[in-house]
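Below is one structure; the comments refer to it alone.
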Amino acid sequence: MSVNREKGDAVARRYVAYYRVNNVDDLREQVACVKSHVKAEGSEIIRSYRDRETTRRPERLELRKALEYTKRNNASLIIATLKGLSRDVRFLRRLRDSAVDFVACDLSHANSATIHVLTALAEYDMRVASERSRKAAAAYKARGGRLGAARPEGRNLDAAARAKGARSAGKVARDQADQAYQSLMPTLKRLRESGRTLQEIADRLNAEGLTTRRGCPWNAMQVSRVLKRGETTSRERAE
């Protein structure tokens, strides 16, 4: 993944910065680290994205946008540190599968082989943790313990409460989809307005290495759904 340049090559990189932060101080430190690295290299930052860690299983919608923008603009992704990310399977998989050039300020010699190794180790740790949790749950149940819906308090929700929960989950899913495709929407609309068919648009996205938010190849149906989602979102905002 790292860019190979001949000695003495003065061509500067164009970077897309990605930050994963918990608080303002954390963001400030990462920004300072990235700017220092870029300045020392004589390069430039053309855009920045950041995800805020607020949930147990973050979607990292901004990471998806950062990778797409990096690839479309033939740039390099830069992150302040791999600390905290080196065991994040979903982050590493996306970085590995995107095939974009990248730099980690605290691991300047990282490359495609490094990320493949880190991903393999993170996946192994995840399997070990899952197996450990499964065995612990089995042992707990063997001792008479109850989990999930088997617990008395797990059956207290009435039909109205369950329906409300389903509506809330559906809204969250729709909002996540809207955010995931926000940066791509102008491109889809422009291609459609230029007379491209849905399949031609899908082929164009696939040729550029772009995937859906679930990491799948584009097809005509998916393009149609995203365009309709964009139209619906625009009408709702207008109202």
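The values are calculated or read from the model by the stated rules, or taken from the named source; none is laboratory data. Computed from a predicted model, the values in this text were never measured in an experiment. A quick note on method: Cβ atoms are made from the backbone with ideal geometry, for glycine too, and the neighbour counts reach across all protein chains shown.
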Applying the selection to the stretch 182-229, what residues are surrounded by fewer than 18 Cβ atoms within 10 Å (Cβ to Cβ) and of a type in the set (Gly, Ala, Ser)?
-> Ser194, Gly195, Ala207, Gly209, Gly215, Ala220, Ser224
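Which of the following residues is at pLDDT 90 or above, over 19 Å from Leu67 (Cα atoms) and basic (Lys, Arg): Arg225, Arg237, Arg196?
Of the residues listed, the single one that is at pLDDT 90 or above, over 19 Å from Leu67 (Cα atoms) and basic (Lys, Arg) is Arg196.
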Hey, could you check the stretch 102-161 for residues that are of a type in the set (Gly, Ala, Ser) and not in a helix (DSSP H, G or I) and say which is modelled with the lowest pLDDT?
-> Ala110
Matching residues in the stretch 65-87 - criterion: being within 22 Å of Ser183 (Cβ to Cβ) and modelled with pLDDT under 85 = Leu85
